[in-house]
Amino acid sequence: MTKAELVNTISTKLGTEKGDTQKVVEAFMHEIRSAMYKGDNVYLRGFGSFIIKTRAAKTGRNISKNTAIEIPAHNIPAFKPSKTFTEKVKTKVAVNNN
């Protein structure tokens, strides 16, 4: 599902204008990004958590030059689904064996 499809679905279910729904979805995403830029995690009970994970420094390889490079420690955003959300996906979504 794309953002446009999400906006269309929500707009249809609520009977609101697509433009208004788009603004709400954009504001929602903006607030999550803003909180995470400040170093805060975002917890949505029953859905999941947008968290910041720290990756440790490590040594990598530049294959084309055959040299070792140092990758510094850094933070990455991550999403951790709630237990109820995870269980529903496990029971309702068919396994794709591709």
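So what is the relative contact order of the chain, in percent, for Cα pairs below 8 Å that sit 6 or more residues apart? Walk me through the numbers on the way to the answer.
Working: 97 pairs, mean separation 19.0, N = 98.
With pairs under 8 Å counted, the relative contact order is 19 percent.
For the chain, which GluC sites (Glu not before Pro) are in a loop by DSSP, counting at most 10 other Cβ atoms within 10 Å? Write down the numbers at each step before the final one.
On the way: sites: E5, E17, E26, E31, E70, E87; in loops: E17.
Passing both the DSSP loop test and the Cβ count: E17.
Here the chain is assigned +1 on the Cβ of each Lys and Arg and -1 on the Cβ of each Asp and Glu. Its dipole about the Cα centre then comes out at about 440 debye.
For the chain, with every protein chain kept in place, what is the accessible area per residue (1.4 Å probe, Å²)? Could you put the intermediate results ahead of the total?
Numbers: 8300 Å² over 98 residues.
Using a 1.4 Å probe on heavy atoms only, each residue of the chain averages 85 Å².
A dipole drawn for the chain from +1 and -1 charges on Cβ atoms has a positive end, and of A73, S11, H30 the residue lying farthest that way is A73. With the whole protein complex present, L44 retains an accessible surface near 50 Å², based on a 1.4 Å probe. Solvent-accessible area of D40, all protein chains in place: 80 Å² (probe radius 1.4 Å, heavy atoms, ligands and nucleic acids excluded). Dimensions of the chain from C-alpha coordinates, computed as largest minus smallest value along each principal axis and given longest first, are 58, 37, 29 Å. The apolar share of the surface of the range 26-98, taken as the fraction of accessible area on carbon and sulfur atoms (1.4 Å probe, ligands and nucleic acids excluded), comes to 57 percent. When I10, I51, I63 are compared by accessible area of protein heavy atoms, the largest-first order is I63, I10, I51, using a 1.4 Å probe. For the chain, hydrophobic long helices are taken as DSSP H runs at least 15 Å long by C-alpha position along their axis with mean Kyte-Doolittle hydropathy of -1.0 or more; these are 3-14, 18-37.
Computed across the range 54-98, the Kirkwood hydrodynamic radius from all distinct Cα-Cα pairs reaches 14.4 Å.
Modelled spin-label separation between K3 and R45, with each label point placed 7 Å from Cα along the Cα-to-Cβ direction: 2.9 nm.
With Cβ to Cβ distances under 13 Å as the rule, what net charge do the other residues near T21 carry (K, R +1; D, E -1)? Result for the local shell: 0. Once the Cβ-Cβ distance of A68 and Y37 is raised to the sixth power relative to R0 = 35 Å, the FRET efficiency obtained is 0.65. A 1.4 Å probe, protein heavy atoms only, puts the accessible area of R55 near 110 Å².
The values are calculated or read from the model by the stated rules, or taken from the named source; none is laboratory data. Every value quoted in this text rests on a predicted model; they were computed, and no experiment measured them. Neighbour counts are summed over all protein chains in view; Cβ atoms, including those assigned to glycine, are modelled from backbone coordinates with ideal geometry. Note: areas computed on protein heavy atoms with side chains; ligands, DNA, RNA excluded. Shrake-Rupley method; radii C 1.70, N 1.55, O 1.52, S 1.80 Å.
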